[in-house]
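Trainee: Take this structure first; my questions come after.
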């Protein structure tokens, strides 16, 4: 695909982030700062700085035409109605997050308080930084009216101000701002804590790669570590200056449900009750350890995990569920629209081998449950496509990948070998009236 999408995340940014993770992981000087937690924060900050530098210096993300940003702070600062509306909407959104982390029972759990605790402790500093960022970006914007401004106008008018016609109105802006805020509030602590768990595992355990089993276990966990590191950066930083801001969030209840069901704590409730496909029989117990078949099977799993990881890397600093932040078409997305979902679901089958169990009934139950999980991801893919189709770039991408992706290429290849029947016309007959 040679078509360049103006709104697409640059693949080089994600690859620079991946290279930074690998280099830092191999050369990291332990004890460089006071605590392993502080080192973890420094580790993430360095990855983000590298990707942001690639975006800003190489791809000039802050100067892309679609952003409508000025090259300098030429507009005089003044607290007018538009800026006041933006600050009001930012304050309400930030206050909602503080209330959620302060009072929701799940965020008082020790696992979550590693993230929510510092957010509550340093909320005043975080809030001041948010307001400063809003002021800075507002001074750079050529067209200042956005969802944040419309949300503030709607709040200031106590719901009576509907905003500009054709842009969802004030209530539309408020809905978009609050949905985008809720997405961050839900996913950021989850991904942060997953990443911190992996960091502490690698930090406290010696890595041994003396056998294929050890290599497999290391690379499998490392793939998820890279995945959640990109997720932390993507959810944590959504900046218009990097062209990584949220264009719009998912609007449908169905889209939200099929997504959040796949994550803690909902998966522990719904998944284990209706989609429990696990058993004591997994691939590592079926094949003789470190045998040729064991190595081949494990290598295929690692290959699928590499596709899954690279699908996240392709986002650069824009990874996010339930939002549109630009059209991905590079890397694995040049081959299919949903490489992460395809590879992840195939991995589930190869790891769990649900068709092998102690009884036929158990095997059938496992197969049906895993098919249910596959159906859940299929529904996620369909809702995501519907959300992204609001962008002309994504509609064009769908047509291109349908023709030049794996399925399109296979269809054309099979068409070449299709036997021609003598005497049969290639022109379809008109349906008789």
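Every number here is computed from the coordinates shown, using simple stated rules; none is lab data. Remember, it's a predicted structure, so these values are computed and weren't measured experimentally. Virtual Cβ from ideal backbone geometry, glycine too; neighbours counted across all protein chains shown.
Trainee: First obtain the Kirkwood hydrodynamic radius of the range 190-250 from its Cα pairs, then insert it into the Stokes-Einstein equation at 10 °C and 1.306 mPa s, and state the resulting D in µm² per second as a whole number. Spell out each step's value before the answer.
Mentor: Numbers: Rh = 13.5 Å.
Here the translational diffusion coefficient equals 118 µm²/s.
Trainee: Using only the Cα atoms of the range 78-196, construct the convex hull and provide its projected area averaged over every direction, in square nanometres to one decimal.
Mentor: On the way: hull surface 32.9 nm².
So the mean shadow area of the Cα hull is 8.2 nm².
Trainee: At 20 °C and 1.002 mPa s, what whole-number value in µm²/s does Stokes-Einstein give for the translational diffusion of the range 356-399, with Rh from the Kirkwood sum over Cα pairs?
Mentor: Values: Rh = 12.6 Å.
Answer from the Stokes-Einstein relation: 170 µm²/s.
Trainee: At a threshold of 8 angstrom on Cα-Cα distance, excluding pairs fewer than six apart, so keeping six or more, what relative contact order does the range 74-181 reach in percent? Display every interim value, and only then the final one.
Mentor: On the way: 113 pairs, mean separation 36.6, N = 108.
Normalised by residue count, the contact order of the range 74-181 is 34 percent.
Trainee: Specify whether the C-alpha gyration tensor of the range 340-423 places it in the rounded, prolate or oblate class, a ≥ b ≥ c being the square roots of the eigenvalues: rounded for a/c under 1.5, otherwise prolate if a/b is larger than b/c and oblate if not. All intermediate terms of the calculation are to be shown ahead of the outcome.
Mentor: Working: a/c = 3.12, a/b = 1.36, b/c = 2.29.
In terms of gyration-tensor shape, oblate.
Trainee: Using Cα springs under 10 Å in a Gaussian network model of the chain, which residue among 311, 244, 291 shows the largest mean-square fluctuation?
Mentor: Of 311, 244, 291, the Gaussian network model singles out 291 as fluctuating most.
Trainee: Using helices alone, I'd like the mean residue ellipticity at 222 nm for the chain: each DSSP H run of four-plus residues gives -39500 (n - 2.57), total over residue count, nearest 500.
Mentor: Working: 15 runs with 260 residues, N = 433.
It lands at -20000 deg cm²/dmol.
Trainee: At q = 0.10, 0.14 Å⁻¹, what log₁₀ I(q)/I(0) does a Debye calculation on the Cα points of the chain give, no solvent, two decimals?
Mentor: -0.83, -1.52
Trainee: Rounded, prolate or oblate: pick one for the range 8-76, where a ≥ b ≥ c are the square roots of the eigenvalues of its C-alpha gyration tensor, a/c under 1.5 means rounded, and failing that, prolate if a/b is larger than b/c, else oblate. Don't jump to the answer; show the numbers that get you there.
Mentor: Details: a/c = 4.16, a/b = 1.92, b/c = 2.16.
Note, shape of the range 8-76 comes out oblate.
Trainee: Taking R0 as 22 Å, what's the FRET efficiency between residue 395 and residue 299 from their Cβ-Cβ distance, rounded to 0.05? The partial results should precede the final answer.
Mentor: On the way: r = 37 Å, r/R0 = 1.70.
Working from the Cβ atoms, E equals 0.05.
Trainee: At a Förster radius of 45 Å, what calculated FRET efficiency corresponds to the Cβ-Cβ distance of residue 33 and residue 251, to the nearest 0.05? Don't jump to the answer; show the numbers that get you there.
Mentor: Values: r = 42 Å, r/R0 = 0.94.
The computed FRET efficiency comes out at 0.60.
Trainee: Moving to a separate point now. Given the Cα-Cα distance of residue 205 and residue 410 and 0.36 nm per residue of separation, how much length would full extension add, in nm? Show your work: numbers first, answer last.
Mentor: Working: separation 205, 0.36 × 205 = 73.80 nm, distance 4.50 nm.
Full extension from residue 205 to residue 410 adds 69.3 nm.
Trainee: Let me check against my output: what whole-number percent is the relative contact order of the chain, with C-alpha pairs under 8 Å and at least 6 apart?
Mentor: Working: 494 pairs, mean separation 82.3, N = 433.
Once divided by the residue count of the chain, the mean separation gives 19 percent.
Trainee: Continuing with this model, one more query. Give the average over all directions of the projected area of the C-alpha convex hull of the range 199-345, one decimal, in nm². Before the final figure, lay out each step's value.
Mentor: Details: hull surface 45.0 nm².
Average of the hull's projected areas for the range 199-345 equals 11.3 nm².
Trainee: Return 47, 261, 368 ranked ascending by Cβ neighbour count within 10 Å, so the fewest neighbours appear first. Spell out each step's value before the answer.
Mentor: Details: 47 23, 261 18, 368 12.
Ranked by crowding around the Cβ, least crowded first: 368, 261, 47.
Trainee: Using Cα springs under 10 Å in a Gaussian network model of the chain, which residue among 230, 127, 319 shows the largest mean-square fluctuation?
Mentor: Ranking 230, 127, 319 by mean-square fluctuation puts 127 first.
Trainee: Okay, next question. Using only Cα atoms, what is the ratio of the radius of gyration of the range 1-115 to 2.2 N^0.38 Å? Display every interim value, and only then the final one.
Mentor: Values: Rg = 20.0 Å, N = 115, 2.2 N^0.38 = 13.4 Å.
That ratio works out to 1.50.
Trainee: So what is the relative contact order of the range 257-363, in percent, for Cα pairs below 8 Å that sit 6 or more residues apart? Please list the in-between numbers first.
Mentor: Numbers: 74 pairs, mean separation 37.5, N = 107.
Contact order relative to length: 35 percent.
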